[in-house]
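All remarks here apply to the structure that follows.
The values are calculated or read from the model by the stated rules, or taken from the named source; none is laboratory data. Keep in mind it's a predicted model, so treat the numbers as computed, not measured. Every residue, glycine as well, gets a Cβ built from its backbone with ideal geometry; the counts of neighbours run over all protein chains shown. Only protein heavy atoms, including side chains, enter the accessible area calculation; ligands, DNA and RNA are left aside. Shrake-Rupley method; radii C 1.70, N 1.55, O 1.52, S 1.80 Å.
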Amino acid sequence: MDLVGTYNPALVVVSYIVAALASFVALDSAGRIAASEGRASHGWLIAGGVAMGVGIWSMHFIGMLAFNLPIPQGYDLFITLYSLVIAIAASLYALYLVSQPHLGRARLVAGALIMGSGIAFMHYTGMAAMRMQPGIHYDPFWFGLSIVIAIAAAGAALWIARRLRRNDGRNGHMRILAALVMGFAIVGMHYTGMAAAQFPAGSICGAALDGGVSPKWLASLVGISSFAILGLAITVSVLDRRLQDRTARLAESLRMANEKLTHLALHDALTGLPNRLLLGDRLDLAAEKAQRESTHFAVLFLDLDGFKAINDAYGHPSGDLVLKSVGYAIRSTVRAQHTVARLGGDEFVILAEVDTPEDAASIAACVLDVLERPLSLDFGELRLSASIGIALYPGDGRDGRDLMASADAAMYYVKDRGRNGYGFFESSMDVGARDQLQLVQELRMAATRGELILHYQPKLKAPDGPLVGVEALMRWQHPRLGTIMPEQFIPMAEKNGLIIELGRWALDEACRQFSEWRRDGRSIPGIAVNLSATQFRAPGLVEIVRLILQSHDIPRGALTLEVTESTAMHDPEESLAILHDLADLGVQISIDDFGTGYSSLLYLKRLPARELKIDRAFIKDLTSETSDAAIVSAIIALGRTLNLEIIAEGVETEHQQRLLTELGCSSLQGFHLGRPVDARTLIDRHASRQPG
């Protein structure tokens with residue numbers, strides 16, 4: 001007759017909880033190992049193996065404590081600790097196995113055999129720690145079944161741990177479910193092994209008699225150690241997960257920031273289109289592909305016609321809206337696989353695969369057609385036009401740089417011949433482009449080489465004098481090309497960033513010449529100099545003017561700075577502040593080209609201006625019957641109301657001279673009254689020597 005044991009249900013439940021916790025620690029550790037490298041991976045392997053081994057071992061001894069025999073029980077300390085070492089070794093091996101890059105079927109089966117045998121060995125070693133006399137008899141069927149369950153559970157654990165080792169939110173929930181299932185398997189193996197144990201009647205527990213560890217002491221040891229280690233492992237896992245989640249969020253934020261920076265580095269901030277850098281890269285790729293596959297592509301260089309006038313008239317915010325609308329219109333017109341880039345300013349480039357030149361011409365025609373449609377903005381409708389130059393690969397260039405240069409030259413050719421159209425590059429244009437580039441380089445050195453001069457055009461009191469002042473006008477005495485007029489080189493200077501330096505030279509030279517006239521006793525009432533829009537907005541303008549006036553000892557009221565109406569109206573408050581600062585220096589302010597802009601009368605009243613200059617466009621076809629006469633009369637009336645002097649420029653006929661005088665102009669200026677001449681000729685014709 002065998003001894004009959006009983007089970008404590010509460011401890012059985014606790015044993016299952018410990019088994020499930022140990023399984024979760026094992027699965028989580030596998031994920032940590034897979035997500036780590038180097039020492040961190042080894043640390044998680046050791047920590048996870050120890051925690052898992054202690055958990056399985058604790059589950060075993062809690063299950064042993066749940067089993068009560070009608071005799072005193074105890075456990076041999078050495079054998080008990082030996083079984084713990086076996087559990088930890090088996091767990092370390094399991095975690096090492098699932099952390100490998102590849103886990104084939106053969107390795108999975110071998111691992112299941114080794115791990116399952118290790119767990120079974122731990123279990124039966126723990127049973128041997130009781131040192132029963134006579135020894136425990138095991139039922140062969142239940143004994144074999146327990147080993148089969150151990151191996152099957154080990155195989156399932158390895159497979160599940162392998163599948164769930166990625167650390168993400170979905171696998172976290174799956175690990176909990178898998179840990180519950182694995183806990184049942186481990187508990188099942190243990191209690192199947194216990195069912196195989198048979199204790200003959202009259203058996204005694206040798207460990208209890210020889211001073212072994214008592215069940216109560218073992219319960220305390222196992223309970224404290226298992227829950228402490230497993231709790232610590234789970235706590236560390238949770239903290240590590242939070243740290244990983246935070247790191248992942250930071251990494252994602254950094255990735256998004258890098259993507260944004262990359263996008264900003266490669267795209268135009270205003271339109272969102274590719275910029276020059278990205279366009280260059282795509283041009284190189286297109287050239288490589290075309291060379292490899294013997295295909296063709298076109299580069300279309302587009303420049304808006306008259307965009308500077310839009311900026312001057314409506315301001316830069318409105319100009320930006322126009323550019324964004326143009327970028328969107330071009331992008332919507334061409335195919336998705338084509339590249340539309342903005343180089344800056346009002347320059348756009350289209351990169352498109354084509355089979356024939358007609359394909360490129362069709363793209364250009366479609367873009368021009370779209371741009372001609374009315375563009376609705378806050379200040380009204382606007383119709384645009386553009387000049388497009390087309391270069392084809394490989395005929396017009398073998399790389400991106402040559403193709404861009406060719407398309408740019410073709411675009412300028414279109415502009416020179418009336419604008420609002422497109423044209424293909426021709427070899428003769430390349431010569432023109434090189435000449436233009438050389439001219440820009442020579443213009444950079446023109447001032448230092450003494451090639452820039454000023455001519456002076458008289459301004460006379462209506463109808464025919466006396467002289468009330470002169471306007472300084474720049475000329476370029478080119479050693480090879482002769483005299484170049486400002487309308488030929490000033491736009492070039494503005495485009496290439498030279499206008500500020502040229503404007504400063506002109507202002508300084510005009511003041512120097514006026515100072516020389518004063519020293520010679522010449523009666524020149526005053527001198528006027530034009531300020532470009534770029535020069536007017538440049539930082540430090542007021543200080544530059546102050547230094548030049550001081551350097552040449554120019555009296556207050558002698559220098560007049562002419563600012564176009566559109567320039568003065570751009571950003572009115574800022575312009576007003578600059579003009580007042582200039583007026584405080586004793587500089588007279590003249591509003592040039594009046595009537596072509598959109599001045600606010602309230603704003604005009606606040607300007608510290610002394611005179612208005614009627615634009616020559618109203619003078620050219622002036623007769624008493626035309627609408628121009630009514631416009632000029634209205635401007636003169638406005639000027640008188642504001643106590644301003646009125647000057648008409650562009651007077652070229654005696655009829656215009658007489659009519660403007662009758663309408664009430666204060667002063668006149670134009671070829672009919674005197675052409676721009678050098679300083680010596682001006683003095684000979686108009687200035688007398690003041691009495692000493």
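A few remarks follow.
- Pair list, Cβ under 7 Å, 6 or more apart: the stretch 630-653 residue within 18 Å of V470 (Cα to Cα) and modelled with pLDDT of 85 or more, other residue open to solvent by 20 Å² or more (accessible area, probe 1.4 Å) and of a type in the set (F, W, Y): E652/F671
- Evaluated against (1) at pLDDT below 85; (2) among the acidic types (D, E); (3) open to solvent by 60 Å² or more (accessible area, probe 1.4 Å), D399 falls short on exactly one condition, (1).
- Among the residues of the stretch 326-356, just one is open to solvent by 60 Å² or more (accessible area, probe 1.4 Å), touching a strand residue (DSSP E or B) at 6+ places or on another chain (Cβ under 6 Å) and part of a helix (DSSP H, G or I), namely R331.
- Filtered residues of the stretch 524-544 (kept if more than 13 Å from L561 (Cβ to Cβ) and surrounded by 19 or more Cβ atoms within 10 Å (Cβ to Cβ)): I524
- Candidates I647, I636, filtered to the one that is of a type outside the set (D, E, K, R) and in a helix (DSSP H, G or I): I636
- Condition met for I614 (in contact with a Gly (Cβ under 8 Å, 6 or more places away or on another chain) and either open to solvent by less than 40 Å² (accessible area, probe 1.4 Å) or at pLDDT 85 or above (or both)): yes
- Checked against (1) surrounded by fewer than 17 Cβ atoms within 10 Å (Cβ to Cβ); (2) modelled with pLDDT under 90, D284 passes all but a single condition, namely (2).
- Here L69 fulfils each of the conditions (1) in contact with a helix residue (DSSP H, G or I) (Cβ under 9 Å, 6 or more places away or on another chain); (2) within 20 Å of T192 (Cα to Cα) apart from (1).
- Note on the stretch 101-115: residues that are modelled with pLDDT of 80 or more and small (G, A, S) total 0.
- Boolean, E358 is over 24 Å from the mean Cα position of the chain (by Cα) and at pLDDT below 90: no
- Residue list for the stretch 445-467, filter: open to solvent by 60 Å² or more (accessible area, probe 1.4 Å) and closer than 15 Å to L660 by Cβ: K461, D464
- Checklist (1) open to solvent by less than 30 Å² (accessible area, probe 1.4 Å); (2) in a helix (DSSP H, G or I); (3) not basic (K, R) applied to D369, failing item: (1)
- Matching option when the condition is of a type outside the set (S, T, N, Q) and on the phi > 0 side of the Ramachandran plot, among R419, R383, R373: R419
- For the stretch 263-272, a residue qualifies if it is at negative phi and surrounded by 11 or more Cβ atoms within 10 Å (Cβ to Cβ), and the qualifying residues are H263, L264, L266, H267, D268, L270, T271.
- Among residues of the stretch 564-586 that are closer than 19 Å to I548 by Cβ and open to solvent by less than 50 Å² (accessible area, probe 1.4 Å), those with a Cβ under 7 angstrom from a residue that is at pLDDT below 85 and not in a helix (DSSP H, G or I), sequence gap 6+ or separate chain, pair up as L579/L607.
- Some residue of the stretch 500-519 being modelled with pLDDT of 85 or more, open to solvent by less than 60 Å² (accessible area, probe 1.4 Å) and β-branched (V, I, T): no
- Strands (runs of 3 or more DSSP E) enclosed by the stretch 379-493 - at least 3 residues per element that are under 30 Å from L283 (Cβ atoms): 386-393, 421-424
- Total residues in the stretch 287-314 satisfying the condition of being part of a helix (DSSP H, G or I) and either in contact with a Phe, Trp or Tyr (Cβ under 9 Å, 6 or more places away or on another chain) or surrounded by fewer than 16 Cβ atoms within 10 Å (Cβ to Cβ) (or both): the figure is 10.
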